[in-house]
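Structure, as structure tokens:
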Amino acid sequence: RFSVPGVTLISPPPHHDIYSIEDLAQLIFDLKQVNPTALISVKLVSEPGVGTIATGVAKAYADLITISGYDGGTGASPLTSVKYAGSPFELGLSETQQALVENGLRHKVRVQTDGGLKTGLDVIKAAILGAESFGFGTGPMVALGCKYLRICHLNNCATGVATQDDKLRSDHFIGLPEMVMNYFKFVAQEVREIMASMGVRKFDELIGRTELLEVLDGYTAKQNKLDLSPILAKPVAGEHTRLFCSETTNAPLDKGVLNAKMLKDAKEAVVKGCGINLSYPIRNTDRSVGALLSGEIAKHYGNHDMEEMPITVTFKGTAGQSFGVWNAGGLNMYIEGDANDYVGKGMTGGKLVIYPPRKSEFNAHESAIMGNTCLYGATGGKLFAAGRAGERFGVRNSGAIAVVEGVGDNGCEYMTGGIVAVLGPVGINFGAGMTGGFAYLYDEQGDLNSRVNQELVEVLDIDDKVILAEHLRGLINQHYEETGSQFSLDLLHDFANTMKRFKLVKPKTSDVKNLLGHISRSSAELRIQAQ
């Protein structure tokens, strides 16, 4: 998260970019665009109804589905989660296997399971119930010396396994790679021995073969009343499916035509490391635009080596979901039009600029120009938008710089770094869980205090902070230069007065004097830094 010592890091329980199966499908598509060779895995908690969810995940073009049982889990988990979350992996795994086979999807996805697997017998049982990949966590940790103290999140693990304290590591950690290798060697050996005793030659012959399991008598009267037949029910594979995965990847129907064309046109420039200017029309069916090209840039140069001679792409129209997702340094993209949700999600560098059509007659400052959850999880780069953004703008921003002309509810939630300047209205609950970075907010109506969640942040005036005021002026000036925004120009013309309406929102733990690194620079230098 590019954080620094002393900044509290909050891991939000929900994924704020996923509120439906369609959102999950979009995320999977985003990931497959930035790295077409990657296999995308989705982890689901074993619980009643997980088969239906797994079917939806397969239709969302995931390559692997992990069914996670209630056993096992990180030692940092809350006790309530350890004791009450989920069900045994056997229940969720059998339901998932049956649902995928019955819907003709089993051959497209690889089913994994984890949660309490320790022995070769566990692997055999899981395979018979439908799994072909197996996750081990606790077993290898114990092999390395873990004593199950459940203080993994406190950085004082007595065995030196789950800590970053050099002294604890050097004094107490006794683990070696060979220990884990031996553990898995014996697990595999037990699997081979059991397969041999059953007369099974290939592992694929085990998967989904529930007739190889038999129900034992229980030890108690209650156990004898259990009906395990639903778990052992064997679905019948149709003509076009199997009981196990037979395809290398679950390829999406959308081939990303515009992305492919961009990569073809810019491939030579990427290889040579030189800039190029491109332009295309864009429609709302063009999703994850720029991801494929960003992935190619990152493959050759990482995130920085093309920034001096960037590839510049100009679009005209309405962009679909995830415009500029995972945007890499060295790729600058401009839209004359507007964009849907997830603009700049996960961006690491480069620049994204969105402005309304030059001949438009509506007031851009009062209009939405991009959707919800923009700049989600960004770690770098710049975003300028001559209009308003939707809800959850800048959630988990860790380093990007953005200037927009309004945001919806829950802006900059869980933000740990970066700078956001909002030149317009702000929705409620701004800055909830914000522990790093800072924001400039335009308080035209004088009600900003009621819209900011001040549990972890504070709202300050900036008219008495010359350094920050000059930094803000530089951001607004660059916003005008990039977008041609009339509203930002009006702010600059009367900055001595409009500056008084701006507020600084920063974490209570951050020193206002250190927000920009140091304070011994001139106003001109600060304006240049902002640009």
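The values are calculated or read from the model by the stated rules, or taken from the named source; none is laboratory data. Fair warning: this is a prediction, and the values are worked out from it, not measured in the lab. Note that we place each Cβ from the backbone using ideal geometry, even for glycine, and neighbour counts take in every protein chain shown.
Worth pointing out:
- Options Ala58, Ala62: the member that is assigned to a loop (DSSP other than H, G, I, E, B), under 21 Å from the mean Cα position of the chain (by Cα) and closer than 28 Å to Gly295 by Cα: Ala62
- Within region 323-379, considering residues that are among the polar types (S, T, N, Q) and within 22 Å of Glu391 (Cβ to Cβ), the one surrounded by the most Cβ atoms within 10 Å (Cβ to Cβ): Asn327
- Scan region 101-135 for residues that are in contact (Cβ under 8 Å) with a residue 24 or more places away in the chain, touching a strand residue (DSSP E or B) at 6+ places or on another chain (Cβ under 7 Å) and on the phi < 0 side of the Ramachandran plot and the total you get is 13.
- Condition met for Val123 (in contact with a helix residue (DSSP H, G or I) (Cβ under 7 Å, 6 or more places away or on another chain) and assigned to a strand (DSSP E or B)): no
- Applying a threshold of 7 Å to beta carbon distances and a minimum spacing of six or more residues, or different chains, the list of pairs starting in region 474-491 at a residue that is under 16 Å from Lys351 (Cβ atoms) and ending at one that is of a type in the set (D, E, K, R) and modelled with pLDDT under 95 reads Gly474/Arg527; Asn477/Arg527.
- Residues that are surrounded by fewer than 21 Cβ atoms within 10 Å (Cβ to Cβ) and of a type in the set (A, V, I, L, M, F, W, C), drawn from region 106-123: Leu121
- Residues of region 256-265 include none that is of a type in the set (S, T, N, Q), in contact with a strand residue (DSSP E or B) (Cβ under 6 Å, 6 or more places away or on another chain) and either closer than 26 Å to Ile40 by Cα or assigned by TED's automatic domain parsing to the domain that holds Ala339 (or both).
- Within region 200-228, considering residues that are without any contact (Cβ under 8 Å) to a residue 12 or more places away in the chain and not in a loop (DSSP other than H, G, I, E, B), the one surrounded by the most Cβ atoms within 10 Å (Cβ to Cβ): Glu205
- Qualifying residue in region 354-373 (condition: assigned by TED's automatic domain parsing to the domain that holds Ala328, more than 15 Å from the chain's Cα centre (by Cα) and under 27 Å from Val512 (Cα atoms)): no
- Within region 300-327, the set of residues being more than 15 Å from Leu278 (Cβ to Cβ) and modelled with pLDDT under 95 comprises His300, Tyr301, Gly302, Asn303, His304, Asp305, Glu307, Glu308.
- Looking only at region 444-464, and only at residues there that are touching a helix residue (DSSP H, G or I) at 6+ places or on another chain (Cβ under 7 Å) and modelled with pLDDT under 95, the one that is surrounded by the most Cβ atoms within 10 Å (Cβ to Cβ): Ile462
- Those residues of region 136-151 which are free of Cβ contacts under 8 Å to residues at least 40 places away in the same chain and among the aliphatic types (A, V, I, L, M), in sequence order: Met141, Val142, Leu144
- Yes/no for Glu268 being out of contact with any helix residue (DSSP H, G or I) (no Cβ under 9 Å at 6 or more places or on another chain), assigned by TED's automatic domain parsing to the domain that holds Gly349 and surrounded by fewer than 15 Cβ atoms within 10 Å (Cβ to Cβ): yes
- Residues in region 229-250 that are free of Cβ contacts under 8 Å to residues at least 24 places away in the same chain and either closer than 18 Å to Ala131 by Cα or assigned to a loop (DSSP other than H, G, I, E, B) (or both): Glu239, Thr248.
- Of the residues making up region 201-223, those that are aliphatic (A, V, I, L, M) and under 39 Å from the mean Cα position of the chain (by Cα) are Leu206, Ile207.
- The sole residue among Gly139, Gly130 that is closer than 28 Å to Leu232 by Cβ and assigned to a loop (DSSP other than H, G, I, E, B) is Gly130.
- Only one of the numbered conditions (1) within 30 Å of Val325 (Cβ to Cβ); (2) in a loop (DSSP other than H, G, I, E, B) is not met by Ala260, and that is (2).
- Near pairs, Cβ below 6 angstrom, 6+ apart or cross-chain, from region 166-190 (exposed (fewer than 12 other Cβ atoms within 10 Å of the Cβ)) to any residue that is among the charged types (D, E, K, R): none
- If you go through region 390-415 and keep only what is farther than 21 Å from Val7 by Cα and β-branched (Val, Ile, Thr), you end up with Val403, Val404, Val407.
- Filter result for Val57 (surrounded by 20 or more Cβ atoms within 10 Å (Cβ to Cβ) and in contact with a helix residue (DSSP H, G or I) (Cβ under 6 Å, 6 or more places away or on another chain)): no
Conditions (1) touching a strand residue (DSSP E or B) at 6+ places or on another chain (Cβ under 8 Å); (2) more than 20 Å from Ser322 (Cα to Cα), marked per residue:
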{"site": "Gln26", "(1), (2)": "no, no"}
{"site": "Pro36", "(1), (2)": "no, no"}
{"site": "Ser41", "(1), (2)": "yes, no"}
{"site": "Ser46", "(1), (2)": "yes, yes"}
{"site": "Gly51", "(1), (2)": "no, yes"}
{"site": "Gly56", "(1), (2)": "no, yes"}
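- Which listed residue is within 15 Å of Asn250 (Cβ to Cβ) and of a type outside the set (S, T, N, Q), from Lys59, Lys118: Lys59
- Test: residue in region 67-85 that is farther than 30 Å from Lys506 by Cα, of a type in the set (A, V, I, L, M), within 17 Å of the chain's Cα centre (by Cα) and surrounded by fewer than 20 Cβ atoms within 10 Å (Cβ to Cβ): no
- If you filter region 510-524 down to residues that are surrounded by fewer than 13 Cβ atoms within 10 Å (Cβ to Cβ) and farther than 12 Å from Arg473 by Cα, you find that the one that is modelled with the lowest pLDDT is Ser520.
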